Amino acid sequence: MMVAAVISVLAIGCAKEEGDNSIVTLPRDKFIGTWTVNSHGTVSGDLTWDMIIEAGPADEPSKVVLKNFDETGNDKSVNALVSGSALTIPDTTIGSVTVQGTGSINGATLTLDYTSTDSQTDVVHATAHK
């Protein structure tokens, strides 16, 4: 009887807790990765390039960082905010170019609509896949 009691206590003590939240998935996680982008701009025409999306700071769980956005180079980045499956790119200046726009993800397809303005405004529609 004593052995049964000890085994019961050990089994209860080692049981996994219900509702374990050790794995947290943030809405931004589905955006993170390397994307091949196909775009069409009113000024730039048809372009294809790779863009890397990384998580923003841990204390800003809705922020992502887009590297090589609008084919500006991997050393340049644009911050964006994620809300559910939507992405918002606030006015951001990269060198002499100002970009801003929106995006959304549906399955494995990321769609971006943005403007890129320097001496002219390029209105761009792009789709991207991982």
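The values are calculated or read from the model by the stated rules, or taken from the named source; none is laboratory data. Quick caveat, the model's predicted, so the values are computed rather than measured. Methodologically, a virtual Cβ is constructed for each residue, glycine included, from the backbone with ideal geometry; neighbour enumeration extends over all protein chains shown.
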Exercise. Taking the stretch 74-92 as the search range and keeping residues that are surrounded by fewer than 13 Cβ atoms within 10 Å (Cβ to Cβ) and within 16 Å of I52 (Cα to Cα), which one is modelled with the highest pLDDT?
Worked result: D75
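Which ones in the stretch 106-130 are among the small types (G, A, S) and either out of contact with any Phe, Trp or Tyr (no Cβ under 6 Å at 6 or more places or on another chain) or not in a strand (DSSP E or B) (or both)?
Within the stretch 106-130, the first condition is being among the small types (G, A, S), and the residues that meet it are 107-108, 116, 119, 126, 128.
The answer is G107, A108, S116, S119, A126.
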Seminar exercise, completed: Counting only residues in the stretch 47-78 that are assigned to a strand (DSSP E or B) and β-branched (V, I, T), the one farthest from T93 (Cα to Cα) is identified as T48
